Amino acid sequence: MGLEQYQGDMAMCCRCSACKFIPMQKVQGAKYSYVCPSIARYNFHAYSGGGRLNIANWMLKNGFNYTEKLLDIVKNCQMCGACGVSCNYAMDMEVLEPIQEFRIKTVEDGHTVPALDKVIENLRKNDAMVAGGRTQRGSWAKGLKLKDATTDRVDVYYHVGCLTSFDKNMWKLAQSTARILEKAGVNFGIAGATEICCGGRAYQMGYREDFLNQAKKNMELIKKSGAKTLVTGCADCYQAFKVLYDKYNLKGDLEVLHTTEYFDRLIKEGRLKPSRKVDLSITYHDPCRLGRLGEPWIHWSGKKIPGDRFVFDPPKIYRRGTNGVYEPPREVLNSIPGVKLTEMVRIKEYAWCCGAGGGVSESNPDFALWTARERIDEAVSTGAQAMVTACPWCEKTFNEAIKSSGNNLKVYDVVELLEQAI
Amino acid sequence: MALSKEVYREFEDVVGPENISDDPAIMPAYYATDFAAVILPGNTQEVQAVVKLCNKHKLKFRPICTGWTGMFPKGIVLLDLRRMNRIIEINEKNMYAVVEPYVISAELQAELFKRGLNFCIKGAGSNCSALLRGHGHMDQTTSGDDRNHLAIEWVTPEGEIVRSGSLGSIGEWFSGDGPGPSIRAILTSAVPPGVTPGVFTKAAVKLYPWPGPSSFPVVGKSPKYTLSEIPPNMMARYYSFPSVEKMWKAEITIGENEIAYELMGFNAAMVACNITTCNEEEEEVFKKISKEVQGPGFFIIIGGYSAEDFAYKKKVLEKIISDNDGKSLKMVEDPEIEGILLCQCTRISASIRETFRAGGAFNSIPIMGQRDLCIKWAIGAGKAKEPLIKKGLIVDDGGAFFGWGVEQGHLGKTEIFCKYDPSNAEAKKAVEQWQKEQTMRAFKEHYFASTMGNLEEVGPALCNFHLWWRKITKSLDPNGVSPEGGALV
């Protein structure tokens, strides 16, 4: 693997600028037409998906000149993948993969960002993406008497994730999830203090080796637990376990489900019955790594067929965001009596990012908050009282942006509303 | 060719430090060359100040918008107009909209649909500037080229702000010709190299009635969007004909009866591009369609302003098609395919599928004029493609051309593509040779092709326009700072 393998894809970029906008059929006016936070904020073409490909391709041929500006371009991208979806409406080419490889190359060449180095240092020391002592990881579950997946026999391993484990404001998500699972009679367990980071965010930041270390350790832990199904409420963890582990042939036959997928299944099986009314008008924010980037990895290797077209033997199937997780969270929300869901303009495969991904919330928090404020403005335009999401990183970033902008929009996770209804 | 610190600071004082860069990392995103700097002006005054500085320091500049075209010489100052992205006004009563250069067509059109209006979107696609001049799929009812530009605000190569037509006299945008200064011939010139120098900072574009919905009911996931239902009083079909003559007869009769909202002379290959989601599928569908079509054809959209109007237009269409032995392509009668074509071919959202998807590059020769005559030329250009197809150098589209009616067939445009892999040097050379030879043939046979380049040969045949144009540009741009033009790209 490496940037070189995407030279053909990068050369396909025709600078049409589609990567900056939501798919053209979906543009509903002058507002909310942009899909890429980076180009919307920084304006130079270099900050767009196409711009990044053009730079990478040029530098691959002419040498990598790591100026301060180049590092600024590389780091100020949430790696949200929206550029790829818009491009791939029309084009057959990889977009996010070469951008990811470019970032990995930057790290491997030693041109890192101090703020992200600090995050990775903590990961190496504490197996966590956020600050907090290793022993504190399971504190959220104190008093809940949950099974220990590392010692007890369980069917479902509930992976909580770093942010939910260490940020006291997010404990409610894990606690709600645990209570819902109990109500449904699921035989589940947690790893508590022995849970470790999935490594997904390290991968987004370009630290591939650290990601792989975490992945290997996690799969060993899960194997020991005997659980065949992993459930998580964090979109970053979800994408790491389901997509990235599979990409690197580490997932095996582990079934990976997001809480919204699992709860949707339990509702449909009649094991959960949302019956209490929750009177609330809401809009739903699709987390990037549950939505477009949550679609399964497609294993492929082949060669370009010589000739006029950019086609391969065997044919290459592109991940265009088509098969992300869009309906389960909506199904869960629509099953709650009293909840009125109004959609924003930018949804599903072309949803606007919350701003937290790709290390941006750590390396450039102002940009993360700017991105979140754009989304909050869009949510408010629907007339909803609350924005509901399905990822702690989104919820945290939105709440911080709301706090700094004085808005009174409420933010919930799907599990919070579901718990109120059952 | 870097700017000195002092000169850089002068530009920086105009646009602010966030909006200028001479960092080498910025350049290759735009083009594989070294620009003196890339500057992002935010309004007309900033454009003017930047242009004046370019004159002061004798620096060549070039503006761009979304930018999938153009040549960018080394050492120029690149003005990326991305920050100038405001819709200034939509005047429903007088049917015009005023936009800045980086308003894309999809944005303006979506706003217009809500008001029962539409405008000419250029064939390059709705991801391009709404200010862009040129032709497109809907020319049958929305016309094309300079005929859609009303008043224009223009920063000349020397940095003067010129306001044309009614804007220059009474501050209104409704006319490009008067009351006030009409400089249409300069502002909208397309004859090579007569792409107007300077920077267009705002323009009023003409609006037209829209018989369709306020927004299309698009469902599904990318790349397979469909419509949940065909909007009322709308219909899309593809008809093929036993001969060019019969197709032309049908086209002109449709125009005389003013029944088509859109008449796009797609060939079978372009239909396949539009309705498929990847290259492999496109090849397969093209083969399938090729077996079903009986000859050249066109795609047509009928839009009624009432149920009665729609029924009338449909009936007239059926008669014309029948009179000329036209045959409807069954695949397009499928509501799923019909729906997406209705949406794509009015929202102009699949141009990239038609052009770049196959191999990554295409060369084109567009010919403007009466369709039946242009088609005769295009058949020859298509035959000249056949050896390239046989050698596998270009995408096999059956050697076909395409085109469309303009203003109900008063005018027309015919165009022919060669799509290829630009990394294949042999293919690139062969396509360039084909383009050169066929353009020269067009010139000799008295057609107008916008790819005509050698002015010393072309100019004398056209009243020595090139000598006049050189005098005009010399007078507008005495310092030679805006040689590339491209103001509406």
**Complete:** A careful count of residues in region B:118-150 that are within 13 Å of another protein chain (Cβ to nearest Cβ) and outside any loop (DSSP other than H, G, I, E, B) gives 1
**Prompt:** Within the set of pairs 6 or more residues apart or between chains, which connect a residue that is at pLDDT 95 or above inside region A:250-279 to a residue that is charged (D, E, K, R) and buried (at least 18 other Cβ atoms within 10 Å of the Cβ) with Cβ atoms less than 7 Å apart?
**Reply:** A:V256/A:K242
**Asked** Looking at this structure, is B:I394 without any contact (Cβ under 8 Å) to a residue 60 or more places away in the chain, β-branched (V, I, T) and in contact with a helix residue (DSSP H, G or I) (Cβ under 7 Å, 6 or more places away or on another chain)?
**Response** yes
**Members of region A:282-307 that are in contact with a His (Cβ under 8 Å, 6 or more places away or on another chain) and within 14 Å of another protein chain (Cβ to nearest Cβ)** = A:G294
**Fill in**
Among (1) surrounded by fewer than 17 Cβ atoms within 10 Å (Cβ to Cβ); (2) free of Cβ contacts under 8 Å to residues at least 60 places away in the same chain; (3) closer than 17 Å to B:C374 by Cβ, B:E457 falls short only on (3)
**Complete:** Across region B:231-258, the tally of residues that are surrounded by fewer than 23 Cβ atoms within 10 Å (Cβ to Cβ) and aliphatic (A, V, I, L, M) stands at 4
**Fill in**
Taking region A:308-323 and keeping only residues that are facing another protein chain (nearest Cβ under 8 Å) and buried (at least 18 other Cβ atoms within 10 Å of the Cβ), one is left with A:D308, A:R309, A:F310, A:V311, A:Y318, A:R320, A:G321, A:T322
**Asked** Of all the residues that make up region B:281-301, how many are more than 14 Å from chain A (Cβ to nearest Cβ) and buried (at least 22 other Cβ atoms within 10 Å of the Cβ)?
**Response** 7
**Prompt:** Of the residues that sit in region B:32-72 and are small (G, A, S) and farther than 29 Å from B:T355 by Cα, which one is farthest from the other protein chains (Cβ to nearest Cβ)?
**Reply:** B:A49
**Message:** Step by step: first the residues of region A:1-29, then only those that are under 23 Å from the mean Cα position of the chain (by Cα) and facing another protein chain (nearest Cβ under 7 Å), then the one that is nearest to B:N274 (Cα to Cα). Which residue is that?
**Reply:** A:P23
**Prompt:** Exactly one of (1) out of contact with any Phe, Trp or Tyr (no Cβ under 6 Å at 6 or more places or on another chain); (2) more than 12 Å from chain B (Cβ to nearest Cβ); (3) part of a helix (DSSP H, G or I) is unmet by A:T112. Its number?
**Reply:** (3)
**Message:** For region A:355-370: of the residues being buried (at least 19 other Cβ atoms within 10 Å of the Cβ) and more than 15 Å from the chain's Cα centre (by Cα), which is farthest from A:R41 (Cα to Cα)?
**Reply:** A:E362
**Message:** Anything in region A:20-75 that is outside any helix (DSSP H, G or I), among the small types (G, A, S) and buried (at least 24 other Cβ atoms within 10 Å of the Cβ)? List them, or say none.
**Reply:** A:S48
**Prompt:** Got at least one residue in region A:293-310 being polar (S, T, N, Q), out of contact with any strand residue (DSSP E or B) (no Cβ under 6 Å at 6 or more places or on another chain) and within 30 Å of A:D117 (Cα to Cα)?
**Reply:** no
**Item:** Condition met for B:G176 (under 25 Å from B:F448 (Cβ atoms), within 14 Å of chain A (Cβ to nearest Cβ) and not in a strand (DSSP E or B))
**Value:** no
**Message:** Quick check on this structure: which one of B:K114, B:K93 is free of Cβ contacts under 8 Å to residues at least 12 places away in the same chain and of a type outside the set (A, V, I, L, M, F, W, C)?
**Reply:** B:K93
**Complete:** Per the filter on region A:182-214, residues more than 16 Å from A:S139 (Cβ to Cβ), of a type in the set (A, V, I, L, M) and buried (at least 24 other Cβ atoms within 10 Å of the Cβ) are A:A202, A:M205
**Options B:D309, B:D334, B:D372, B:D323; residue that is under 25 Å from B:P209 (Cβ atoms) and among the acidic types (D, E)** = B:D309
**Hits in region B:210-246 - residues which are charged (D, E, K, R), under 25 Å from the mean Cα position of the chain (by Cα) and more than 14 Å from chain A (Cβ to nearest Cβ)** = B:R237
**Complete:** Among residues of region B:201-223 being part of a loop (DSSP other than H, G, I, E, B) and in contact with a Lys or Arg (Cβ under 9 Å, 6 or more places away or on another chain), the residue farthest from B:D145 (Cα to Cα) is B:K221
**Prompt:** Before we move on, is B:L79 on the phi < 0 side of the Ramachandran plot, more than 11 Å from every other protein chain (Cβ to nearest Cβ) and assigned to a strand (DSSP E or B)?
**Reply:** yes
**Prompt:** In region B:338-373, which residue that is surrounded by fewer than 23 Cβ atoms within 10 Å (Cβ to Cβ) and away from chain A (no Cβ under 14 Å) is farthest from the chain's Cα centre (by Cα)?
**Reply:** B:E338
**Item:** For B:A110: the one exception among (1) assigned to a loop (DSSP other than H, G, I, E, B); (2) within 14 Å of another protein chain (Cβ to nearest Cβ); (3) within 24 Å of B:T141 (Cα to Cα)
**Value:** (1)
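The values are calculated or read from the model by the stated rules, or taken from the named source; none is laboratory data. Because the structure is a prediction, the values reported are computed rather than measured. Positions of Cβ are generated from backbone atoms using ideal geometry, with glycine treated the same way; all protein chains shown enter the neighbour counts.
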